[in-house]
Each structure stands twice: as structure tokens, then as C-alpha cells.
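Report on the structure given below.
The values are calculated or read from the model by the stated rules, or taken from the named source; none is laboratory data. Every value quoted in this text rests on a predicted model; they were computed, and no experiment measured them. Cβ placement follows ideal geometry from the backbone for every residue including glycine, while neighbour counts extend to all protein chains displayed. What goes into the accessible areas is simple: the full protein's heavy atoms, side chains included, and nothing from ligands, DNA or RNA. Shrake-Rupley method; radii C 1.70, N 1.55, O 1.52, S 1.80 Å.
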Amino acid sequence: FLARRGYAPTIFEDLPVPGGMVHVGIPEYRLPRHVIHREAQLIEQEGVEIRYNTRLGRDFQFADLEDMGFKATFVAIGAHLGRPLGIPGEDLPGSMDAIVFLRKVALHEPVDIGDRVLVLGGGNSAMDAARTAVRLGAKEVRVVYRRTRNEMPANVWEIEEAEEEGVQFSFLAAPMECKGEGEVQALVCQQMELGEPDASGRRKPIPPDMAPFVLEADSIIAAVGQKPDF
């Protein structure tokens, strides 16, 4: 839109591909890559320059922009960092964030998830990660969510399509610890029950007086939120 008003915008893109989270966060089965590349071509034809593999803070600083001839800056860096689980063992090899997982798959980087995959979370990113794991050949993919199906923020059709593809669900289960010798082998969970609504308007999960249980896993993928990498 700036180009159409006569400006000459330059996009500094950290990734080697266009689109940011659209490209590395949305799986190809939902958004074919040729569509993104065609969109980028159309934007460049409007007069926009895209400089790939160029990151603010690494390749240039804010102070450099004026010397480079830029009069204004718009920051649109998205939310490319996953929020940590805050549980012991989440740094074990085999435990990863959904954003990292989906980015590696989108950029065709090697990622070994094994046969049994646990995906933690109830949003669309969790469904994307689970359905991508199925496509990578995992034999058992299970979504672990601390509330019930009714409270899941993911689109209903996303949940239904994940089920159709063989994804299993464990509801009212809160992750407590990732366990393993040298790498992830299991997830310790606490059974939950729903109490009164919290600030989000959803009923808050609370732990009853029950012993934790264990789910075995070759990989644990956390999809519990995102934040910008400032």
C-alpha cells in the first residue's frame, strides 16, 4: 500500500523466504508455498524491495537506517518465540517448541520426532504441529490439554480434521515434567478438573487429589503461546 502511494518501501526479512510466520508457521497443507511466492512477486512488482537473511540487531542497527536513507521505520516482527512451559526437563533433547518445529519443517531442515509424539496445548498451533507430525510419519500423535475440548481455542474444524487424521487427545491433563536419560522419554502429567472461570472467561483447571500419571514419548512439542523476539 505504501508503494501504491508513491513510496519506495524496503522490507528487511530475517528469513530466507517471504511471508514471515505465514511461511514458517502455517503448514504447507493449509497454505501452499506457491501461493506465498506468487503474493511476494506481486508485491515486488508494485515496487517493494525485499532483502532476505537480513536481521535488525545483527546485520544493521536502528541508527544505521537514517544513514541508509530511510525516513521512517515500521516494525512488524511478529511473534516468533514460543513461551516456555516452565517445567523441569523442558530443555531435554526431543523437547521443542511448536514454532521451532514448524519452522524447521517449512524450511526443509532435518527434524527427528520418532514414533510417539506429544503436543502440548489447545490452539491452532497445537493442531498444526500435531497434523504435521502425522505427515512426517509419526505412528502415535497425542494432544495434551489441561482443559476440556469445549475450552480449546483451536478452530472446531481444525480439531475435527486432526481427529480424522488419527490424532488422539488427552484432556484435563497438565504437564508437570519432561523425563528422560539424555533425551525425552516421557511426560509426567497431573490430572485436572475444572473450577470457576478465570480472567479469560474459561473455567480454570485445578488439580484434584490424584497421583500424577506418565505418557511415554519420543518427542514433546509445546504449543502454549508465542511472543515477539525484541
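Of all residues in the stretch 75-88, how many are closer than 15 Å to Met21 by Cα and either touching a His at 6+ places or on another chain (Cβ under 6 Å) or loosely packed, with under 10 Cβ neighbours inside 10 Å (or both)?
The first filter runs over the stretch 75-88 and keeps only residues closer than 15 Å to Met21 by Cα, leaving 75-82.
From what's left, either touching a His at 6+ places or on another chain (Cβ under 6 Å) or loosely packed, with under 10 Cβ neighbours inside 10 Å (or both): 75-76.
Total meeting the criteria: 2.
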### Boolean, Ala173 is closer than 16 Å to Glu216 by Cβ and over 16 Å from the mean Cα position of the chain (by Cα)
yes
Of those in the stretch 169-184 that are touching a residue at least 60 places away in the same chain (Cβ under 8 Å) and not acidic (Asp, Glu), the residue surrounded by the fewest Cβ atoms within 10 Å (Cβ to Cβ) is Gly182
Check your understanding: Looking at the stretch 213-221, is at least one residue open to solvent by less than 60 Å² (accessible area, probe 1.4 Å), under 24 Å from the mean Cα position of the chain (by Cα), without any contact (Cβ under 8 Å) to a residue 24 or more places away in the chain and closer than 30 Å to Gly25 by Cα?
Key -> no
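Mind telling me which of the residues Gly166, Gly122, Gly137, Gly114 ends up being open to solvent by less than 70 Å² (accessible area, probe 1.4 Å) and either touching a Pro at 6+ places or on another chain (Cβ under 8 Å) or among the hydroxyl-bearing types (Ser, Thr, Tyr) (or both)?
Values: Gly166 fails: either touching a Pro at 6+ places or on another chain (Cβ under 8 Å) or among the hydroxyl-bearing types (Ser, Thr, Tyr) (or both); Gly137 fails: either touching a Pro at 6+ places or on another chain (Cβ under 8 Å) or among the hydroxyl-bearing types (Ser, Thr, Tyr) (or both); Gly114 fails: either touching a Pro at 6+ places or on another chain (Cβ under 8 Å) or among the hydroxyl-bearing types (Ser, Thr, Tyr) (or both).
Only one candidate passes the filter, namely Gly122.
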Exactly one of Val134, Val144 is under 29 Å from Pro207 (Cβ atoms) and either touching a residue at least 60 places away in the same chain (Cβ under 8 Å) or of a type in the set (Val, Ile, Thr) (or both), and that residue is Val144
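Would you point out the residue of the stretch 60-74, among those that are part of a loop (DSSP other than H, G, I, E, B) and in contact with a strand residue (DSSP E or B) (Cβ under 8 Å, 6 or more places away or on another chain), that is surrounded by the fewest Cβ atoms within 10 Å (Cβ to Cβ)?
Filtering the stretch 60-74 down to residues part of a loop (DSSP other than H, G, I, E, B) leaves 61, 68-74.
If we keep only those that are in contact with a strand residue (DSSP E or B) (Cβ under 8 Å, 6 or more places away or on another chain) as well, we get 68, 70.
On the way: Met68: 8, Phe70: 13.
Per the stated criteria, the residue is Met68.
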Just one listed residue, out of Ile99, Ile159, is surrounded by 20 or more Cβ atoms within 10 Å (Cβ to Cβ) and within 14 Å of the chain's Cα centre (by Cα), and it is Ile99
Within the stretch 27-58, residues more than 28 Å from Ser125 (Cβ to Cβ), in contact (Cβ under 8 Å) with a residue 40 or more places away in the chain and acidic (Asp, Glu) come out as Glu46, Glu49
